[in-house]
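Here the structure comes first, spelled out in structure tokens, and everything after it is commentary.
The values are calculated or read from the model by the stated rules, or taken from the named source; none is laboratory data. Not measured: the values here are computed from a predicted model. All Cβ positions, even for glycine, are placed from backbone atoms using ideal geometry, and neighbour counts span all protein chains on display. Just so you know, the surface numbers come from the protein's heavy atoms only, side chains and all, with ligands and any DNA or RNA stripped out. Shrake-Rupley method; radii C 1.70, N 1.55, O 1.52, S 1.80 Å.
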Amino acid sequence: MACLPRAAATLARQDCSNGCSALAAGERRSEEVAETFRAKDLVITPATVFKEKPDPDSLVFGATFTDHMLTVEWSSAAGWGKPHIKPFENLPIHPAASVLHYAVELFEGLKAFRGVDNKIRLFRPDLQHGRMCRSAARTTLPVFDKEELLEYILQLIQIDQKWVPYSTSAQSLHPPHVYRN
């Protein structure tokens, strides 16, 4: 399900009456952009070097990272590119990226934890993805399909399942980010 809010969908269908064009040259409608966001296109490149897993009692928020990350590039001409789970690395970002100057970005923390039965569970991903979709539309970042994002994240957690602590007092955080550069 795409995350385009009802008001934004109505606005996207309206013609501009003041002489502007509804879409700039090369831009695509939000519904079309979300349609290019598909889990079936997922590319997985497994890590070959693995980090030591920390003691769950010594985890520090924002200081410990898993072996893999999920990236999906976007362009106004083609929409979303192929999603890619790959070894964790620094993000390649240009020093003049607008996110560094104007803070057009999203962050939502998604928690994965183990139940007493050792099964991995996500903490309210539907609400997290809903907030993220609404924020993307409000900040003019590209929208995405919430169910497809969940499929990406489930694949990432499956690959990095050893990073979800065997602990009732700790969880792993899988924070999707969206930023414009």
Report task. Examine the range 155-168 for a residue that is part of a helix (DSSP H, G or I), out of contact with any Lys or Arg (no Cβ under 7 Å at 6 or more places or on another chain), free of Cβ contacts under 8 Å to residues at least 24 places away in the same chain and under 26 Å from ASP41 (Cβ atoms), and state whether such a residue exists. Result -> yes
**Report entry** PRO142 vs. criteria modelled with pLDDT under 90, assigned to a loop (DSSP other than H, G, I, E, B) and crowded, with 16+ Cβ neighbours inside 10 Å
**Finding:** yes
Query - Meets criteria (at pLDDT below 85, crowded, with 17+ Cβ neighbours inside 10 Å, on the phi < 0 side of the Ramachandran plot and not hydroxyl-bearing (Ser, Thr, Tyr)) for GLU148 - result: no
Query raised in the report: Which condition does ASP15 not pass, out of (1) modelled with pLDDT of 90 or more; (2) open to solvent by 80 Å² or more (accessible area, probe 1.4 Å), if it passes all the others?
Result: (1)
Report summary line: Given (1) outside any loop (DSSP other than H, G, I, E, B); (2) within 30 Å of PRO56 (Cβ to Cβ); (3) open to solvent by 90 Å² or more (accessible area, probe 1.4 Å); (4) of a type outside the set (Val, Ile, Thr), HIS101 misses just (2)
**Report entry** Single unsatisfied condition, GLN155 versus (1) open to solvent by 40 Å² or more (accessible area, probe 1.4 Å); (2) modelled with pLDDT under 90
**Finding:** (2)
Requested in this report: Kindly indicate the residue of the range 29-67 that is open to solvent by less than 50 Å² (accessible area, probe 1.4 Å), under 26 Å from VAL164 (Cβ atoms) and within 14 Å of the chain's Cα centre (by Cα) and also modelled with the highest pLDDT among those meeting that condition.
Outcome: LEU42
